[in-house]
Amino acid sequence: MSTKPVPVVADASGTTIHDARQRRTVLIAVCVALMAVVASVTGLNVAQPQLAVEFGASQSEVLWFINLYTISLAALLLPLGALGDRWGRKPVLLAGLVVFGAANVAGGLAVSSEMMLASRLLAGVGAAMIMPVTLAVITSTFPEAERSKGIGVWTAVAGGGGILGMYLSALLVDVATWRWLFVLPIALVLGSAALILRSVPNSREHTAHRFDIVGSITSVVAVVGLIFVLHEGPVHGWTEPATLAALVAGLAAATGFVVWELRQVAPLLDLRLFGQRGLASGSVTLLAVFGVQAGIFVVFFPFLQAVLGWSALSATLALMPMALLMMFASAFAPRVAVKIGRRSTMATGVLLGGIGLALMAAFVSLDRGFLSVLPGMLVMGLGMGLSMTPSTESITSSLPRERQGVASALNDVTREFGTALGIALLGAVLSAGYQGSIDAKLDGVPTGLADTAREGVANAVAAAGSAGPQAQAVVRAAQESFVDGWQHAMWAGAAVMAVLFVYVLARGPQAAVVDRAEENSEVRSTSAP
């Protein structure tokens, strides 16, 4: 029988920070912690060859070094975000930093694949304790007038921090060794912990209801299963037994989660809240925006490296203009939202993102290289940044202030699902476009060489060294085919953004958004020591 959720009685009045200097310190502290988490998502990408040689690992094992962290992070966000609300955000955040720091020490000292995998799993657990709480600290302690500014800065770090982290990681691998990749997050953890101990107040939820263990378990199984499918399907095949088993388990757990949550008095996540425009449109927007962004990065790196011949460090540096503009737009978005409204800001950002993708599809050129796509990159970065902050605020303002750990976790899970979905779908569009184009360009090429070229542009470039007089023709055919695949992927992304633009206009947050924490008059505030 369905039961209406009972409001949680909590108090946050004693945790609101009115001192501007302390708010800045708190914001720096949580953003440094967030930077450590997001930088670790992409950091090992630049060291895949070195890791394979160091541990004698296969490509599949190396990918698990990367994916195990993101899967464990995504799977545990909701339950650990909710525990942060209950146990106290400050102690959970500090505990997460300890776990995350220890895991990175273990990763830097790893002597086997098993040790590396264990360290990455542990790092994901620590990151899942950190990431939702960093945003929850802002939304639960900043005054309403300052909350959107804090969320804007947090969103800027979350959106652009991964690219900055990737660049720093590439630089460390280039000038030192892959083991130095773990020094950066350790340093960030130490700096953040020192600031948190000194400046961050504690806040927590007080409730008479038990923690939703069944909801937590089913959410973990659902997220692990579905993200596993999105990670492994494009690599090993969508019909492989392991992929199909994960899909069945994920869908079954997701169904069980929905049924269970709708019957609970104190659910882990009140799914009825998705009837609100703010929560639904914010979640859909973040899912699509992060999906398109992640999918585009999959396209960018082979274009810059295999097609244009750039180094990994140069390719990462090429993304910095877009990342910096995205971070600036994310931090600036609250000012825009004050003037034109949250829905209009989201819609403008989505529109600009779609225009940027269309520009990159229409004007990409093999001969003009990077400059042919730079304008589209900049427009897309501006649009993505404008859309992220109001979307995040729409999610966090839809849940009561004492449930901000859950709100923040939902925001983060949405981003992780969008990332995995975008990589899988746009990567598939790119591959299909490449395959459809290159077949017509390989007439007269020996069968073995043609088969290698069909596998991908990097394979074609690598095989060209032994291709004799046909080498230049094979490389050119592969590069042109990749550009064709690029255009397919960009137009697909633009189509997604066009649909999202119409949705935001129709179902975006209302022009006058009332903070849910303020409109719930039955909720009272208590501070935790």
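Between Val183 and Arg263, the distance separating the two model label sites (each 7 Å from Cα on the Cα→Cβ line) works out to 5.5 nm. Between Ala245 and His18, the modelled labels are 6.0 nm apart [label points 7 Å from Cα along Cα→Cβ].
Spin-label pair Ala440-Val105: with each label point 7 Å from Cα along the Cα-Cβ axis, the two points sit 6.0 nm from one another. For segment 489-501, backbone phi angles converted through the Karplus equation (6.51, -1.76, 1.60; θ = phi - 60°) give residue-by-residue couplings of 5, 5, 5, 5, x, 5, 5, 4, 5, 5, 5, 5, 4 Hz, Gly and Pro being listed as x. Applying the Karplus relation 6.51 cos²θ - 1.76 cosθ + 1.60 with θ = phi - 60° to segment 37-43 yields 3J(HN,Hα) values of 5, 6, 5, 6, 5, 9, x Hz, where x marks Gly and Pro.
Size descriptors for segment 222-321: radius of gyration and Dmax over Cα atoms are 18.9, 58 Å. Can you give the calculated 222 nm mean residue ellipticity of the chain, where each DSSP H run of n ≥ 4 adds -39,500 (n - 2.57) and the sum is split over every residue, rounded to the nearest 500 deg cm²/dmol? The helix-only estimate for the chain comes to -26000 deg cm²/dmol at 222 nm. Annotation: amide H-H contacts under 5 Å for Gln264 (H modelled 1.01 Å from N, sequence separation of 5 or more, or interchain): Thr3. Sorting the segments 106-112, 190-196 by their mean number of nearby beta carbons within 10 angstrom, highest to lowest, gives 190-196, 106-112.
Taking 0.36 nm per residue of separation and subtracting the Cα-Cα distance, full extension of the segment from Arg368 to Glu144 would add 75.8 nm.
So for each of 63-75, 139-151 I average, over its residues, the number of other beta carbons within 10 Å; can you give me the resulting order with the highest mean first?
Ranked from most to least packed, the peptides come out as 63-75, 139-151.
Taking 0.36 nm per residue of sequence separation and removing the Cα-Cα distance, the Ala506/Leu190 pair yields an extension gain of 109.2 nm.
Work out the length of the dipole vector of the chain about its Cα centre, built from +1 on the beta-carbon of each Lys and Arg and -1 on the beta-carbon of each Asp and Glu, and round it to the nearest 20 debye.
Working: 31 positive and 30 negative charges, 303 e Å.
In debye, rounded to 20, the chain gives about 1460.
For segment 92-103, take each phi angle, set θ = phi - 60°, evaluate the Karplus expression 6.51 cos²θ - 1.76 cosθ + 1.60, and give the result in whole Hz per residue in order, putting x for glycine and proline. Each residue of segment 92-103 in turn: 5, 5, 5, 5, x, 5, 5, 4, 5, x, 4, 5 Hz.
Each reported figure results from applying straightforward, stated rules to the coordinates on display, with no laboratory input. None of the values given here were measured: they were computed from a predicted structure. Heads up, the Cβs are rebuilt from the backbone with ideal geometry, glycines too, and the neighbour counts pull from every protein chain shown.
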